[in-house]
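Each remark here refers to the structure printed beneath this line.
The values are calculated or read from the model by the stated rules, or taken from the named source; none is laboratory data. Only a predicted model underlies this, so the values are computations on that prediction, with no experimental measurement involved. Note that each Cβ is placed from the backbone with ideal geometry, even for glycine, and that neighbours are counted across all protein chains shown. Heads up: the accessible areas ignore ligands, DNA and RNA and are worked out on the full protein's heavy atoms, side chains in. Shrake-Rupley method; radii C 1.70, N 1.55, O 1.52, S 1.80 Å.
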Amino acid sequence: MKSKLPVLTLKGSPHQIGYGHGKKARPEIEQNLEVYFHRFKSETELSHDVAISRASKFLEVINKVSPEYAETMMGVAAGSGQEILDITALNVRYELMYSQFSKIGLKPVPKIFGCTAFATLPTAVENGHLIMAQNWDWIPDVKAIFLKVRNENGPDVLSFTEAGVVGGKIGLNSEGLGLLINGIVSSKDDWARLKKPFHVRCWEILRSKTLGRATRIVSQGERNCSANFILGQQKTIGNGKGKVIDIESAPEAVCELGPDKGAVAHTNHFSNPKILGVKQVLDEERLSTLQRYRRIQRLLDGTVRMGEKLDLASVKSMLRDHFGKPESVCRHSNLKLPEYERYETVVSVIMDLSERKLWATMGSPCSTEYSPIKL
């Protein structure tokens, strides 16, 4: 099956970009607000009033640390006809949800996150291009979109995001820089730190011209919540050179991991939480993240790390892998769980940084053909 990807092409000032996003994705934003405010209450014990109160505090933070992001959110609110605090809550849903997951981690927690991501150096790819790929596993009802943004100040950006969220979390830019992410929960996650939010960091990373700058955006200062960032760059088109770095970030420390024999991969747990000064909150998610991690490493061990060079078809095959289904790399709903606890691969993305191009599916890659989008 082939599905048409929802791509919004946006340009102008931050407010104009946000307004176009809000206007063109108005029904999708309305649905995402409905989904998330319901999830805040049912899964993370946050009432609407409490979520809005915390969002108001984060709006003050975003206005200070990233005025352009705040202005873009204002545009989204105006274009979609929504209140700015509702849009802010959507943009800080990572902090609102993940700090709650940390607090209630001792209780039974549903399988609340996923994602399998990997990147391969140009030397490990048939055409000599740096490849980054990810399955984003999340709530099936969330509406996802792709943004092609022509920035007045900074590189052009092609990214995947949730409708209403300004900061794309999987994407690339015109400087050949790419980003993949994995959600992680730790014992120190706390929204009340009121630091630069996760999606603002993602937005700033994709507006960076260099890998060094992108790395500093992750590592400088403290963070509200934990996360993993895989960053890559192949600046010169088709020169066969590129760099990849994986940064595990906890609220008070980071750990940098390099490629192993041409490739790096990550799922939803820390490789060494002790050196980051945190305890890991895995609970029911433990089986899924460890299983997916072992599987993607085994797939890379049997190809890239044995000297075999990847091509687009082999990357697609990895992302469609069903070993351990339903908690597989290509993740499917676990029908043994209540409907509100079911998570699956919502979007699958493959990026070629040299070509400034990506291929994606909306829905499980095993049943959907990848469609291309070029920056």
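For the stretch 334-347, the Karplus equation 6.51 cos²θ - 1.76 cosθ + 1.60, evaluated at θ = phi - 60°, returns couplings of 8, 5, 7, 8, x, 4, 6, 9, 8, 10, 7, 5, 8, 9 Hz by residue, with Gly and Pro reported as x. From the Cα gyration tensor of the stretch 114-230, with a ≥ b ≥ c the square roots of its eigenvalues, which class applies: rounded if a/c is under 1.5, or else prolate if a/b is larger than b/c, or else oblate? Because its axes are fairly even, with a/c under 1.5, the stretch 114-230 counts as rounded.
Considering only alpha-carbon pairs that sit under 8 angstrom and 6 or more positions apart, the relative contact order computed for the stretch 69-200 is 27 percent. Length, then width, then depth: along the principal axes, the Cα atoms of the chain run 55, 47, 42 Å. If I build a Gaussian network model for the chain, linking alpha-carbon pairs within less than 10 angstrom, which residue out of GLN233, GLN100, GLN220 has the largest mean-square fluctuation? Comparing GLN233, GLN100, GLN220 in the GNM, the peak value goes to GLN220. Of all lysines in the structure, those lying under 25 Å Cα to Cα from LYS188, and not within fewer than 8 positions of it along the same chain, are LYS41, LYS57, LYS64, LYS103, LYS107, LYS111, LYS169, LYS196, LYS274, LYS279.
For the stretch 231-318, GluC sites (Glu not before Pro) are listed when DSSP marks them as loop and at most 15 other Cβ atoms sit within 10 Å of their Cβ; the list is GLU252, GLU284, GLU308.
Only protein atoms count toward the accessible area here, which uses a 1.4 Å probe; on the chain, the carbon and sulfur part of that area reaches 51 percent.
Accessible-area rank, largest first, for HIS48, HIS38, HIS266, HIS332: HIS38, HIS48, HIS332, HIS266, with all protein chains present and a 1.4 angstrom probe.
Extension gain, PHE323 to LYS274: 0.36 nm times the residue separation minus the Cα-Cα distance gives 14.7 nm. ARG54 contributes about 40 Å² of solvent-accessible surface, heavy atoms of the protein only, 1.4 Å probe. Using θ = phi - 60° in the Karplus curve 6.51 cos²θ - 1.76 cosθ + 1.60, the 3J(HN,Hα) couplings for the stretch 125-142 round to 10, 3, 8, x, 9, 7, 10, 10, 8, 7, 9, 9, 9, 7, 6, x, 7, 5 Hz; x is entered for Gly and Pro. Among beta bridges from DSSP that stay inside the chain, the antiparallel ones total about 90%. The average projected area of the stretch 194-309, computed from the convex hull of its Cα atoms over all directions, is 8.4 nm².
Summed over the residues of the chain and divided among them, the accessible surface reaches 38 Å² per residue at a probe radius of 1.4 Å.
Using a cutoff of 8 angstrom between alpha carbon atoms and counting only pairs six or more residues apart, the relative contact order for the chain works out to 20 percent.
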